[in-house]
Structures are given as structure tokens and as C-alpha cells.
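Trainee: Submitted below is the structure of interest, expressed as C-alpha cells.
The values are calculated or read from the model by the stated rules, or taken from the named source; none is laboratory data. Computed from a prediction, not measured in an experiment: that's the story for all the values here. A quick note on method: Cβ atoms are made from the backbone with ideal geometry, for glycine too, and the neighbour counts reach across all protein chains shown. Quick note on the areas: whole protein, heavy atoms, side chains included, nothing else; ligands and nucleic acids left out. Shrake-Rupley method; radii C 1.70, N 1.55, O 1.52, S 1.80 Å.
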Amino acid sequence: MEERRVLSVQDKLAGIGRRLQSFSENIKKIVSKRTNTPGQSATVESAKSSTPSAFGVLVRKEIADHIRSWRFILLLGIIALTCVASLYTAMNSIREALGSENGVDDFVILKLFTLSDGTLPTFIGFVGFLGPLLGIGMGFDAVNSERNKGTLSRIMAQPIHRDDLLNAKFAASLIVISIMFITLGLLTMALGTLIIGIPPTFEEFLRILSFLVVTIFYVGFWLNLSIMFSVRFRQPATSALSSIAVWLFFSFFFDMILQLLARGLAPDSASATVHDVMSYQNLMLWLGRLSPYTLFNEATTTLLMPSIRNLGPLTQEQVYGAIASPLPFGQSLLLVWPQITGLTAATLICFAISYVLFLRQEIRGRS
């Protein structure tokens with residue numbers, strides 16, 4: 001009898017244990033369902049996706065630093081004043097042409113960027129000369145200033161990829177340059193429309209927009225060149241002088257060297273054939289296109305002057321029978337596509353060199 005009572009008590013205890021185990025399992029299921037509701041999981045995923053990336057944070061920080069710096073404000077003021085002065089001279093020339101008997105042909109708004117009365121250079125001339133200074137001024141101390149301040153090692157100590165820093169430096173400066181030149185070009189077009197009273201056509205708008213894009217590529221090349229020197233040299237003064245030296249070489253001395261080469265390579269005028277003369281002209285033309293300023297000048301002049309139909313030498317047979325009419329926008333764009341490709345390739349080459357140099361550098365404190 002006692003053994004039966006013990007067995008019955010044990011059975012009752014085992015049943016109570018099973019009930020408690022099933023009860024605890026049910027409680028765990030209810031808690032897991034409440035904690036893993038679809039709304040909460042969606043909010044967690046959205047919070048993770050809304051977290052800003054390191055690249056975006058660096059870009060916003062660099063843009064804010066550029067806009068607040070006195071250097072950018074001074075360079076922007078110089079370029080804006082010179083462009084306003086060129087706009088004033090162009091508008092005087094356009095008014096005189098409108099008041100004359102001959103008048104002006106089509107594409108009046110485009111003449112705001114290409115016309116001048118001789119006292120000042122044109123809008124294209126000012127941008128081609130002063131645009132590199134803006135790119136150099138925004139990139140010559142992009143990396144070495146961080147190194148000298150001791151902040152480069154602190155930035156790299158964060159969970160940030162090393163290439164994100166260099167990409168952010170270039171992207172932020174290029175965004176600021178793009179906004180500045182697009183705003184300046186559209187303001188010039190708007191002021192010319194208000195004063196002259198002739199609205200731009202759709203083709204003129206496309207040509208002006210293409211001119212601004214080519215200008216951004218041109219200034220982007222000098223920006224990448226200055227960033228490359230900033231990575232290579234540890235002192236900002238050295239990188240700035242190196243960038244300005246390259247700019248002065250292509251702006252002044254490159255044409256002098258080409259003239260010396262032209263005198264030495266010129267064929268004899270008495271015995272030279274047409275083929276010799278054409279080969280000589282093409283050779284000098286391609287040597288001149290080694291300069292980014294020549295590529296920029298050819299591309300922008302062709303886009304803003306539809307009357308230009310060719311950029312190379314022509315024979316009498318090619319000129320004979322040609323109709324003097326403006327080129328459509330698509331044909332002008334095809335004509336300058338090699339120049340745009342050359343500027344883009346030079347920009348990418350400078351960026352690749354600075355990229356490789358920066359990834360191979362050792363970053364330890366101020367070393």
C-alpha cells in the first residue's frame with residue numbers, strides 16, 4: 001500500500017512538471033511574438049537603413065568647410081566680378097549690333113559668352129583662365145592639412161574606409177564647383193534675357209548647359225591635380241606652388257614651346273606638297289591638344305558658336321561647295337566629343353594616381 005501511494009505521488013508530481021514546462025513554453029512563444037512584431041522589425045530595419053554612411057557624413061562636412069571658408073568666398077567673388085565685367089562688354093557689343101543696319105544673326109544669348117568689345121576678355125576667356133585657380137585653391141591642402149593638424153590619424157581611427165576620405169574630398173569640392181558654375185551661368189543667361197529682351201531657345205539652353213558641364217570637367221581636372229600634389233607633398237605651400245607651376249606652364253609657356261617646335265618642323269615652302277602641309281598642321285594641332293586649356297577652348301567655342309563646323313585644317317576641295325549654316329546641337333557635340341573625353345581621361349588619371357599614393361601611405365600621428 002505504501003509503495004502504491006509513493007507511485008501515485010510521483011505520477012502527480014511528474015504531471016505537474018509537464019504542465020509547468022508546457023506553460024513556460026507557451027509564455028516564451030507569446031513573448032517572442034510580441035517582441036518580434038512586423039511593425040517593430042520594420043522600424044528596426046528602417047532605422048538601420050536611415051543611418052547615414054561614413055561617406056555621406058564626410059561629404060557634408062567638407063561642403064560645409066568649403067562654404068564657410070574665406071578662401072572660397074574670395075575666389076568666388078573674383079570669378080563673379082570678372083564674369084559680370086565680361087557680360088557688360090558683351091551686352092554693349094550686342095546692343096551696337098542690334099542698333100546697326102546689319103543687326104545680328106541667330107543665337108543672340110550665346111553671344112553673351114563669346115562676344116566682347118576688346119577691352120576685356122570674353123566670358124569663356126575668364127573662366128578658362130581663372131577656373132583652374134578655383135580648383136587649385138580648393139584642393140591643394142585637402143590631405144596634407146589634415147596630416148599637419150594631426151586630424152588624419154583620428155579620422156582613420158574611426159570605422160571609415162581609407163578611400164572614403166579621398167572620395168569625399170573630391171566629391172564635396174566638385175559639388176561646390178558644380179553648383180557655383182551652374183548658378184553663375186544661369187544668372188548670366190537670365191540677366192542677358194532681361195536686359196536684351198530676347199528669350200533663349202531650347203537649343204541655346206542645351207548649348208549653355210553643355211558649356212557648363214565642360215567647364216565643370218575642366219575645373220575638376222585642376223582640382224584632382226591639386227589633390228594629387230596634396231597627397232604627394234606634406235606641406236601645403238609645396239603642393240600649391242606645384243599646382244600653380246603646372247597651370248602657368250600650360251597657360252603661357254606651352255604655346256611658346258609649340259611655336260619653337262613649329263619653326264623647326266615646318267616643311268620647306270618651295271618643295272612642300274599639300275600632303276606635307278596637311279600632315280604638319282595636323283601634327284601641330286594634336287601637340288597643342290596636350291594642353292587642357294586647348295581642349296577646353298575648342299570644346300566651349302564649338303558648343304557656343306554653332307557656325308564652327310570643323311576644328312582641323314581643310315583643303316580647297318573640302319571647302320568648295322560647303323553651305324555656310326550653323327551646325328545642329330547634336331553635330332556640335334559629336335565634333336567636340338574627343339575633347340570632352342580627353343578632359344575626362346586626364347581627370348581620372350590624376351585621381352587614380354592620388355588614389356594609389358594615398359592608399360600606400362603610412363598614417364601615424366603627424367608622420
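Trainee: Search the range 66-75 for residues being assigned to a helix (DSSP H, G or I) and free of Cβ contacts under 8 Å to residues at least 12 places away in the same chain, and hand back the single one that is least open to solvent (accessible area, probe 1.4 Å). So that I can check it myself, show each step before the final result.
Mentor: So in the range 66-75, the residues assigned to a helix (DSSP H, G or I) come out as 66-68, 70-75.
Narrowing further to those that are free of Cβ contacts under 8 Å to residues at least 12 places away in the same chain: 68, 70, 73-74.
Numbers: 68: 185, 70: 188, 73: 77, 74: 110 Å².
Out of the qualifying residues, it is 73.
Trainee: Any residue at all in the range 94-114 that's at pLDDT below 80, open to solvent by less than 20 Å² (accessible area, probe 1.4 Å), out of contact with any Ser or Thr (no Cβ under 8 Å at 6 or more places or on another chain) and of a type in the set (Gly, Ala, Ser)?
Mentor: Looking through the range 94-114, none of the residues is at pLDDT below 80, open to solvent by less than 20 Å² (accessible area, probe 1.4 Å), out of contact with any Ser or Thr (no Cβ under 8 Å at 6 or more places or on another chain) and of a type in the set (Gly, Ala, Ser).
Trainee: Filter the range 322-355 down to residues that are among the β-branched types (Val, Ile, Thr) and at pLDDT 90 or above and give me whichever is surrounded by the most Cβ atoms within 10 Å (Cβ to Cβ).
Mentor: Restricting to residues being among the β-branched types (Val, Ile, Thr) and at pLDDT 90 or above, the top hit is 347.
Trainee: Restricting attention to the range 168-215, report how many residues are touching a residue at least 60 places away in the same chain (Cβ under 8 Å), under 30 Å from residue 146 (Cα atoms) and either open to solvent by 20 Å² or more (accessible area, probe 1.4 Å) or of a type in the set (Val, Ile, Thr) (or both).
Mentor: So the count comes out to 5.
Trainee: Then there is this: State yes or no: is residue 232 farther than 21 Å from residue 136 by Cα and under 23 Å from the mean Cα position of the chain (by Cα)?
Mentor: Numbers: farther than 21 Å from residue 136 by Cα: no; under 23 Å from the mean Cα position of the chain (by Cα): yes.
When the stated conditions are applied, residue 232 does not pass them.
Trainee: Determine if the range 143-155 includes at least one residue that is at pLDDT 85 or above, over 28 Å from residue 361 (Cα atoms), touching a helix residue (DSSP H, G or I) at 6+ places or on another chain (Cβ under 9 Å) and open to solvent by less than 50 Å² (accessible area, probe 1.4 Å).
Mentor: Scanning the range 143-155, I find no residue that is at pLDDT 85 or above, over 28 Å from residue 361 (Cα atoms), touching a helix residue (DSSP H, G or I) at 6+ places or on another chain (Cβ under 9 Å) and open to solvent by less than 50 Å² (accessible area, probe 1.4 Å), so the answer is no.
Trainee: Please specify each residue of the range 283-302 satisfying the condition of being in a helix (DSSP H, G or I) and open to solvent by 60 Å² or more (accessible area, probe 1.4 Å).
Mentor: Applying the first criterion (in a helix (DSSP H, G or I)) to the range 283-302 yields 283-288, 292-302.
Within the range 283-302, 283, 286, 293, 297 qualify.
Trainee: Residues to consider are 124, 136, 78; find the one that is under 21 Å from the mean Cα position of the chain (by Cα), at pLDDT 85 or above, farther than 23 Å from residue 303 by Cα and not in a loop (DSSP other than H, G, I, E, B). Explain how you work it out, then say what you get.
Mentor: Working: 124 fails: farther than 23 Å from residue 303 by Cα; 78 fails: at pLDDT 85 or above.
None of the other options fit; the residue is 136.
Trainee: Go through the range 182-239 and count every residue that is farther than 24 Å from residue 76 by Cα and either basic (Lys, Arg) or assigned to a loop (DSSP other than H, G, I, E, B) (or both).
Mentor: Residues meeting the conditions: 9.
Trainee: For the range 157-170, check the following and say yes or no: at least one residue is part of a helix (DSSP H, G or I), within 21 Å of residue 75 (Cα to Cα) and out of contact with any Gly (no Cβ under 7 Å at 6 or more places or on another chain).
Mentor: Step one: of the range 157-170, the residues part of a helix (DSSP H, G or I) are 162-170.
Of the ones still in play, those that are also within 21 Å of residue 75 (Cα to Cα) are 169-170.
When the remaining residues are screened for being out of contact with any Gly (no Cβ under 7 Å at 6 or more places or on another chain), the result is 169-170.
Scanning the range 157-170, I find at least one residue that is part of a helix (DSSP H, G or I), within 21 Å of residue 75 (Cα to Cα) and out of contact with any Gly (no Cβ under 7 Å at 6 or more places or on another chain), so the answer is yes.
Trainee: Inspect all residues belonging to the range 221-229 and state whether any of them is farther than 30 Å from residue 332 by Cβ, out of contact with any Phe, Trp or Tyr (no Cβ under 9 Å at 6 or more places or on another chain) and open to solvent by 20 Å² or more (accessible area, probe 1.4 Å).
Mentor: Step one: of the range 221-229, the residues farther than 30 Å from residue 332 by Cβ are 226-229.
Next, from what is left, pick out any that are out of contact with any Phe, Trp or Tyr (no Cβ under 9 Å at 6 or more places or on another chain): none.
So far as the range 221-229 goes, no, none of its residues is farther than 30 Å from residue 332 by Cβ, out of contact with any Phe, Trp or Tyr (no Cβ under 9 Å at 6 or more places or on another chain) and open to solvent by 20 Å² or more (accessible area, probe 1.4 Å).
Trainee: Right, next: Could you grab the pairs with beta carbons closer than 7 Å, sequence gap of 6+ or different chains, first residue in the range 238-266 and under 30 Å from residue 277 (Cα atoms), second one open to solvent by 40 Å² or more (accessible area, probe 1.4 Å) and at pLDDT 90 or above?
Mentor: Matching pairs, first to second residue: 250/293; 251/293.
Trainee: Take the range 303-321 and flag every residue that is out of contact with any Phe, Trp or Tyr (no Cβ under 9 Å at 6 or more places or on another chain) and either open to solvent by 70 Å² or more (accessible area, probe 1.4 Å) or at pLDDT 90 or above (or both).
Mentor: Passing the criteria: 309, 314, 316, 317, 318, 319, 320.
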